[in-house]
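S.K.: Below: one structure in structure tokens.
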Amino acid sequence: MSNNKEDLEKNQDNDSGRREFIRLGVLAAGLTIAGGGLQKVFSSEPSVSGEKINVLTPDGKVVSVDASHMKAAESCCAAPSSEARQGIPGKKYVMVIDLSRCKDAMKCQKACQKHHLLPSQDKYLKVYKMQDSPEASPYWMPKPCLHCDKPPCVKVCPVDATFKRSDGLVLIDNERCIGCRFCMAACPYSTRTFNWDEPIQPENYMDMEYSPESSTPRKKGTVEKCDFCPDMLKQGKLPHCVSACPNGVYYFGDANEDTVCNGDETVRFRQLLKDKAGYRYLEGLGTEPSVYYLPAVNRLFPFEERSSNPS
Amino acid sequence: MKDLIKPENETEAIQMLHRYNEDVLPQKFGKAGKTWVGILLVIIAFGVYNYIQQIRFGLSVTGLSDTVSWGIYISNFVFFVAVSLVGSLITAVLYLLNVKWRAPLTRISEVIAVSAIMFAGLIIIVDMGRPDRVLNMFMYGRIQSPIVWDVIVVMTYMTISFLLLYFPLLPSIAYCRDFMKNIPKWQHKMYSILSLGWKNRPAQYKVVEKAITILSVMIIPVALSIHTVTSWLFATTYRPGWDSTNFGAYFVAGAFMVGAAAVIAAMFLLRKFYVRFDEYFTDKHFDRMGRLLVLLSFIYLYFTVNEYFIPGYKMKGEEAAHLRELFTGIYAPMFWSVQILGMIVPIIVLLFKKGRKPFPIFIMSVLVIIGAWFKRYLIVIPTMLHPFLPLQQVAESAKHYSPTMAEWSITSASLAGALLLITLFVRYFPIISIWELAEERDIPHHTIYEHLNDE
């Protein structure tokens, strides 16, 4: 992340370009491998294998592409397990979620599912319909992992598989997790999901080196959750949910720099909390989340019930 | 109780001891015994098959979900830990309180304890998503985690319980080695090896007695720890229904209660199948154990009131949904059955002298045991269905929990396994410790060997 607004926006533009590219690949994989997604990009490989793969473009056209033109995208920035425990130096990542802007567009969740190759039953991020009291109006509350500074999940882990980094991220080493699910019981925010069976994922993903920073390849019998996309952060980009949101609900940034950005604007983190009466969910538990909420007042959109389950 | 009146002279004493030892020698299975073992083996085989399926396909063969991520494996684990506490109650607490009638009960309670704690350890591995990584616990164990505390205390308890079973068993094994005729060679060899060359010297008895005293003192804090730490697996979380400072004492009280019931049930069944045992497990024993069970049930009632009625009085936000589900919701039939049939009815029946006759007390004990199992189900599962955030965007199957056949089968297999272990022990080892019975009344057991040498 940069404290320069232009830089951030540039990153943002680059990112959305990359996203389109990835989206194409993911859709392609969705066709080839049922239930899964696959990050593939076109390569300049000239040889032709003759085997055709149908690819769905973002505008809905089916294009036939030679198999040799498909190549798995290397995850450029996800560190292996041995290094993933080091946080990004000097950073303290925070998120601010402006509830007054959320209209349950669910783009955040879609981007998240796609990036993390999640099947519909596993959701790292959920948008809850909340109503604080019968008289009060309902509102939408997106909830990623809150990346607590006093994380109950990390406290109870018997094998140090889930850990807190210096940059504030709470991650999981799925190669160490023994699947006891104590962290799931301990988390007050229902954040964690479990791979009850062998996760469906593209074959070439299985051969990739595992990284707690990308949470892939996914491992059977272990716990997963929202990771704040550290592979994106390393490139100075925003997490996928943040950049996917059309309404600027999510601000993401660095508390040390006192700057957060929602893709459209970059603001002072502490000033934002002060101006808009920021709070943390279930503050009383003392878990000290890194995710702050701005109350659902003066809302941009009227509350509308969700027509169908968007998942 | 066999009245071990101090015999007139040594010869009489020797004869008496011989007769008692012969009384309790292990016997071959009859038809009932064989059928029983057969049934247990079938249940175990089915459970093993299902566990292999679980290894292959993952925990998806269970009814667990991201909402209810701990199910009957965990509640069964808590049940096993609870039952295992009886070893320390009968062997240690009553020993240190110098209760005279306890001697015939020590071995059976210690066998129950060792079997239960072994299967507690096993079932917790069954619950793991990655049992292949169980050694990570030792390679990367974090002392901050209550699971690591549990592993430490459970293993310590298992060791001490095993020693508390084995040390007093030595003279009995030696007796089998020296006096049991018409047994297969391997069985004799087993006794020879397991008796560790026991020579029946007074000095050896002294060492064993000293060891028992030390272990009895040691096991009490460890026993309290295992169930307290097990309760902390829940109480260290924020979840409504688990977030309770009452949990440690509540669990320990419940454990003593179900453990005492387990010993009563075992006594009754042994008496049924080994005719001569009614001289050792007398009506007086049932009466005494009945009184003990009432006392323990009252203590448990006290903690239950604290655990449910005080939060129920307040009906605090997040807890209210959980409590309502227990008091009047879908778990109400189970909740009230457990409280009434598993606690109130046994208390009332056992308060009467007639209720403490062997048969009624056996029935009450079975009620307490079944109640205790479901009590632990009620402790683990309903709480998981009421997290702080509403259950939204979850599959319909994740909004409730019902264990699958595979889960029931594996759980039943663990219970059958513990029962099989106890059964096999009774088949091959004397289940009543005659020498302890004798020594408690100052009749030196080693004399029977002197007599042998004289002949």
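S.K.: I'd like to check something: does the stretch B:287-297 contain any residue that is closer than 22 Å to A:F182 by Cβ, assigned to a helix (DSSP H, G or I) and among the hydroxyl-bearing types (S, T, Y)?
M.R.: Scanning the stretch B:287-297 turns up no residue that is closer than 22 Å to A:F182 by Cβ, assigned to a helix (DSSP H, G or I) and among the hydroxyl-bearing types (S, T, Y).
S.K.: Let me ask something additional. Which ones in the stretch A:221-264 are over 16 Å from the mean Cα position of the chain (by Cα) and touching a residue at least 40 places away in the same chain (Cβ under 8 Å)?
M.R.: A:G221, A:T222, A:N247, A:D254, A:A255, A:N256, A:E257, A:T259, A:V260, listed by residue number.
S.K.: Against the definition (surrounded by fewer than 20 Cβ atoms within 10 Å (Cβ to Cβ), free of Cβ contacts under 8 Å to residues at least 24 places away in the same chain and away from every other protein chain (no Cβ under 14 Å)), how does B:V217 come out, yes or no?
M.R.: Taking the combined requirement at face value, the residue does not satisfy it.
S.K.: Consider A:F182 against the criteria (1) within 11 Å of chain B (Cβ to nearest Cβ); (2) over 28 Å from B:Q53 (Cβ atoms); (3) modelled with pLDDT of 95 or more: it satisfies all of them except one. Which criterion is unmet?
M.R.: Checking A:F182 against (1) within 11 Å of chain B (Cβ to nearest Cβ); (2) over 28 Å from B:Q53 (Cβ atoms); (3) modelled with pLDDT of 95 or more, the one that fails is (2).
S.K.: Can you report the number of residues in the stretch A:213-222 which are at negative phi and within 14 Å of chain B (Cβ to nearest Cβ)? Break it down into steps so the answer makes sense when it comes.
M.R.: Filtering the stretch A:213-222 for residues at negative phi gives A:213-214, A:216-220, A:222.
Within this subset, residues satisfying the condition of being within 14 Å of chain B (Cβ to nearest Cβ) are A:218-220, A:222.
Number of matching residues: 4.
S.K.: With respect to the numbered conditions (1) hydrophobic (A, V, I, L, M, F, W, C); (2) out of contact with any strand residue (DSSP E or B) (no Cβ under 9 Å at 6 or more places or on another chain); (3) within 14 Å of A:V94 (Cα to Cα), which one is the sole condition not fulfilled by A:M232?
M.R.: Evaluating A:M232 over (1) hydrophobic (A, V, I, L, M, F, W, C); (2) out of contact with any strand residue (DSSP E or B) (no Cβ under 9 Å at 6 or more places or on another chain); (3) within 14 Å of A:V94 (Cα to Cα) leaves (3) as the failure.
S.K.: Separate question: For the stretch A:82-108, which residues satisfy the criterion of being in a helix (DSSP H, G or I) and closer than 24 Å to A:D149 by Cα?
M.R.: A:S82, A:E83, A:A84, A:L99, A:C108
S.K.: Of everything in the stretch A:213-230 that's among the charged types (D, E, K, R) and part of a loop (DSSP other than H, G, I, E, B), which residue is surrounded by the fewest Cβ atoms within 10 Å (Cβ to Cβ)?
M.R.: If we take residues in the stretch A:213-230 being among the charged types (D, E, K, R) and part of a loop (DSSP other than H, G, I, E, B), then A:K220 is surrounded by the fewest Cβ atoms within 10 Å (Cβ to Cβ).
S.K.: Evaluate the following for B:S225: is it more than 30 Å from A:R181 (Cβ to Cβ) and hydroxyl-bearing (S, T, Y)?
M.R.: no
S.K.: Can you tell me which residue among B:A372, B:A398 is buried (at least 16 other Cβ atoms within 10 Å of the Cβ) and closer than 19 Å to B:V263 by Cβ?
M.R.: The conditions single out B:A372.
S.K.: While we're here: Are any residues in the stretch A:190-199 in a loop (DSSP other than H, G, I, E, B) and either more than 12 Å from every other protein chain (Cβ to nearest Cβ) or touching a Ser or Thr at 6+ places or on another chain (Cβ under 7 Å) (or both), and if so, which ones?
M.R.: Answer for the stretch A:190-199, where residues must be in a loop (DSSP other than H, G, I, E, B) and either more than 12 Å from every other protein chain (Cβ to nearest Cβ) or touching a Ser or Thr at 6+ places or on another chain (Cβ under 7 Å) (or both): A:N195, A:W196, A:D197.
S.K.: Then there's this: Between residues in the stretch B:386-404 that are under 22 Å from B:L323 (Cα atoms) and residues that are among the acidic types (D, E), which pairs lie under 9 Å by C-beta distance while being six or more apart or on different chains?
M.R.: B:H386/B:E318; B:H386/B:E319; B:H386/B:E325; B:P387/B:E318; B:F388/B:E318; B:A398/B:D66
S.K.: Looking at B:I74, B:I5, B:I43, B:I52 in this structure, which one is at pLDDT 95 or above, surrounded by fewer than 18 Cβ atoms within 10 Å (Cβ to Cβ) and among the aliphatic types (A, V, I, L, M)? Working first, answer last.
M.R.: Working: B:I74 fails: surrounded by fewer than 18 Cβ atoms within 10 Å (Cβ to Cβ); B:I5 fails: at pLDDT 95 or above; B:I43 fails: surrounded by fewer than 18 Cβ atoms within 10 Å (Cβ to Cβ).
Exactly one of B:I74, B:I5, B:I43, B:I52 is at pLDDT 95 or above, surrounded by fewer than 18 Cβ atoms within 10 Å (Cβ to Cβ) and among the aliphatic types (A, V, I, L, M), namely B:I52.
S.K.: Confirm whether B:R56 is out of contact with any Leu (no Cβ under 6 Å at 6 or more places or on another chain) and basic (K, R).
M.R.: yes
S.K.: A follow-up question, please. Can you tell which of B:R356, B:R291 is buried (at least 16 other Cβ atoms within 10 Å of the Cβ) and charged (D, E, K, R)?
M.R.: From the options B:R356, B:R291, the qualifying one is B:R356.
S.K.: Among the numbered criteria (1) away from every other protein chain (no Cβ under 14 Å); (2) part of a helix (DSSP H, G or I); (3) modelled with pLDDT of 90 or more, which one does A:Y205 miss?
M.R.: (3)
S.K.: Could you tell me which residue of the stretch A:157-169 is surrounded by the most Cβ atoms within 10 Å (Cβ to Cβ), considering only residues that are within 11 Å of chain B (Cβ to nearest Cβ) and part of a strand (DSSP E or B)?
M.R.: Only one residue fits best here, namely A:T162.
S.K.: Look at the stretch B:44-77 and say how many of its residues are within 26 Å of the chain's Cα centre (by Cα) and part of a helix (DSSP H, G or I).
M.R.: Adding up the residues that qualify gives 14.
S.K.: Looking at the stretch A:124-156, which of the residues that are buried (at least 23 other Cβ atoms within 10 Å of the Cβ) and in a loop (DSSP other than H, G, I, E, B) is farthest from the other protein chains (Cβ to nearest Cβ)?
M.R.: Here the residue is A:H147.
S.K.: When only residues in the stretch B:238-277 that are part of a helix (DSSP H, G or I) and β-branched (V, I, T) count, which is nearest to the other protein chains (Cβ to nearest Cβ)?
M.R.: So the residue we want is B:V252.
S.K.: Out of curiosity, is B:A235 under 30 Å from B:P358 (Cβ atoms), at pLDDT 90 or above and either within 14 Å of chain A (Cβ to nearest Cβ) or buried (at least 18 other Cβ atoms within 10 Å of the Cβ) (or both)?
M.R.: No.
S.K.: So, one more: How do the helices (runs of 4 or more DSSP H) wholly within the stretch B:345-455 filter down when requiring 3 or more residues that are within 14 Å of chain A (Cβ to nearest Cβ), β-branched (V, I, T) and under 20 Å from B:L64 (Cβ atoms): which remain?
M.R.: Details: elements: B:345-351, B:358-384, B:405-428, B:434-439, B:447-454.
Because the criterion is at least 3 residues that are within 14 Å of chain A (Cβ to nearest Cβ), β-branched (V, I, T) and under 20 Å from B:L64 (Cβ atoms), the helices (runs of 4 or more DSSP H) in the stretch B:345-455 that meet it are B:358-384.
S.K.: While we're on this one: Residues that are more than 14 Å from every other protein chain (Cβ to nearest Cβ) and under 27 Å from the mean Cα position of the chain (by Cα), at least 3 per element: which helices (runs of 4 or more DSSP H) completely within the stretch B:113-213 meet that?
M.R.: B:146-179, B:185-194
The values are calculated or read from the model by the stated rules, or taken from the named source; none is laboratory data. Keep in mind that this is a model prediction, so the values were computed, not measured. Neighbour counts are summed over all protein chains in view; Cβ atoms, including those assigned to glycine, are modelled from backbone coordinates with ideal geometry.
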